[in-house]
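One structure below.
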Amino acid sequence: MECPECGLFNPDTAEACDCGHRFDTSNAAPKDRFHSRSGSPNQIAVFVLVIVVLGAVLTFFLSFHIVSHSGGISLIPKDHLSFADTFVNIDHLIREYNERTLGEKLRGEGVYLIRKLKDKGIVSLTADKTPSQNGRSITKAMYDPSLAQSSSRRPA
């Protein structure tokens, strides 16, 4: 900017000229555009809405197992919030359960979802006819699509 007193050119950020003239900085544009600018109320409302919707979606996926089967989709509440086994295919789940040893099943490994699906009538558990080494029979899970369709029509 040019000094009105002496005509010397000064940087735009100068508060005074070398001749001593003080520039009026009250009408000048702010030096830092990023700190002086705030979002409009609509922008803030949209941002807050997006955060709330993302939080709701995240909470939903943390709260339920989503099990797909030929009868549709079943939502099984989780014991604790986690992303573990959020999307599960019934065939994969039954195959994993049936491959577990008796000890793993007695410890409860991989049993929670099968029990919940059994309670909903989607999976049936049957005792294997061949006893294990310690004489106890091992349960096998079976999926019957007709059970799944009738359980989805049954009132909750």
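The values are calculated or read from the model by the stated rules, or taken from the named source; none is laboratory data. Please read all numbers here as calculations on a predicted model, not as lab measurements. When we count neighbours, we look across all protein chains shown, and the Cβ atoms used for this are built from the backbone with ideal geometry, even at glycine.
Screening His65 against (1) surrounded by fewer than 16 Cβ atoms within 10 Å (Cβ to Cβ); (2) over 23 Å from Thr126 (Cα atoms) leaves a single unmet condition, (1). With respect to the conditions (1) modelled with pLDDT of 85 or more; (2) closer than 30 Å to Gly7 by Cβ, Ala29 lacks only one, and its number is (1).
Counted as qualifying within the range 40-107 are the helices (runs of 4 or more DSSP H) with 2 or more residues that are at pLDDT 85 or above, namely 41-63, 90-99. Just to be sure, is Ile73 touching a residue at least 12 places away in the same chain (Cβ under 8 Å) and either closer than 19 Å to Ala141 by Cβ or not basic (Lys, Arg) (or both)? Here the answer is no, as Ile73 does not meet what is asked. The residues of the range 108-156 include none that are modelled with pLDDT of 80 or more, surrounded by 15 or more Cβ atoms within 10 Å (Cβ to Cβ) and more than 18 Å from Val88 (Cα to Cα).
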